[in-house]
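A quick write-up on the structure given underneath.
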Amino acid sequence: MRRTLGLLCAAAMLAAAGCGQTSPDKEPQNIKIGVSIYDQYDTFIGLLTDRFLRLAREKEEALDTTITILQESAAGNQIDQNVQVEDFIQSGCDVICINIVDRTDASVIIDIAEAAGIPVIFFNRELVEEDLERWDKLYYVGAEALQSGRMQGQILIDLCRSGFKQVDRNGDGLLQYVMLEGEAGHQDAIMRTQYSVSTVEAAGYRLERLGDEIANWNRAQADNKMTQFLEAHPNAIEVVFSNNDEMALGTIDALHRAGVQPEDWPVVLGIDGTPAALQALEEGEMAGTVLNNALGQAQSMLDLACAVVVGSPLPDNLENGKYIRLPYETITPANVARYKETS
Ligand code: BGC
């Protein structure tokens, strides 16, 4: 059964860089953008698409161009997403933004779009490079996964430098940790898992892995896995590396339910900078996170979508004519207030 998020029509005027900038000799254009996300329950993707719609609406003030956005969720099914792309083309979309379900299975979407001559901006879930090279109207907007792993590791290094005994609570010179991984095969899960740990090791700290489980970016699954870790290793977990904030929040749910006291609380680290995680940071339940810039990615996607349709110059931050990667940023209790203002 195909499930859809429904049709969201954001009629917005295009104002920002590249959007609706009409030259005197050019008629204003209406732009129709099809957006399909891999799963309507993903918190980070929800933030990103909310901002995308908001940014499109914010442009309503200016110029005489209208943007219509058709949004669907593939509910985790690649075949459904392929059909959604066909539907977008039938509905007259000028450009399509795809948060692909299976990043190794993009060929059907690419073939359909290329045959119709409709550009595709993939976002957040990165294709293999050869697929993106298959046609010059394929783009990717996201972030450099490796950087987020390194930054997460660096937060732990900084904590160790400022008070190793508070992190190494049992004083054995090793940091006992558990890892909560996102979806298997997702570029962010692979790189974050690897680089968070290797960065800490490269700084000379020794780690001991007590557990490593996949919780699919999901709070409830992470709660469940953390409950099992706590049962297997009571009062022994000193650090929780979580590939995203939702799973970090799930581990906090489990820590509360297990009655873990503040003096035994592990260092909990996430990635994304969601509003709920910023709150957990302020309350001292999370030690740090890394901003996955949803607003910047949404803005870049909108600018790029408009530019490819209108034919105006492509955004300056487009690399190799294909990639826009927004930098990650470190968030700790020291600077969280600044991010709360803008989140
Ligand atoms: C985010 C996760 C999200 C995933 C979805 C990642 O970049 O950090 O929170 O679930 O993308 O693809």
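The values are calculated or read from the model by the stated rules, or taken from the named source; none is laboratory data. Small disclaimer: the values here were computed from a predicted structure and weren't measured. Quick reminder, even Gly has a Cβ in these numbers, built from the backbone with ideal geometry, and neighbours come from all protein chains shown. Side chains included, ligands, DNA and RNA excluded: accessible areas come from the protein's heavy atoms. Shrake-Rupley method; radii C 1.70, N 1.55, O 1.52, S 1.80 Å.
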Report task. For the stretch 119-139, name all the residues that are surrounded by 23 or more Cβ atoms within 10 Å (Cβ to Cβ) and of a type outside the set (A, V, I, L, M). Result -> 122, 123, 124, 139
Query raised in the report: Which of (1) under 24 Å from the mean Cα position of the chain (by Cα); (2) at negative phi is the odd one out, the single condition residue 76 does not satisfy?
Result: (2)
Query raised in the report: Taking the condition in contact (Cβ under 8 Å) with a residue 12 or more places away in the chain, open to solvent by 20 Å² or more (accessible area, probe 1.4 Å) and touching a Phe, Trp or Tyr at 6+ places or on another chain (Cβ under 8 Å), does residue 150 pass?
Result: yes
Requested in this report: Considering each of 215, 203 in turn, give the residue that is buried (at least 18 other Cβ atoms within 10 Å of the Cβ) and either modelled with pLDDT under 95 or in the same structural domain as residue 263 (by TED's automatic domain parsing) (or both).
Outcome: 215
Query raised in the report: Got at least one residue in the stretch 282-302 being free of Cβ contacts under 8 Å to residues at least 24 places away in the same chain, out of contact with any strand residue (DSSP E or B) (no Cβ under 9 Å at 6 or more places or on another chain) and assigned by TED's automatic domain parsing to the domain that holds residue 236?
Result: yes
Report task. Considering each residue of the stretch 88-129, count those that are within 20 Å of residue 67 (Cα to Cα), in contact (Cβ under 8 Å) with a residue 60 or more places away in the chain and within 16 Å of the ligand (Cβ to nearest atom), and give that number. Result -> 5
Report task. Say whether the condition of being within 13 Å of the ligand (Cβ to nearest atom) and open to solvent by 10 Å² or more (accessible area, probe 1.4 Å) is met by at least one residue in the stretch 162-182. Result -> yes
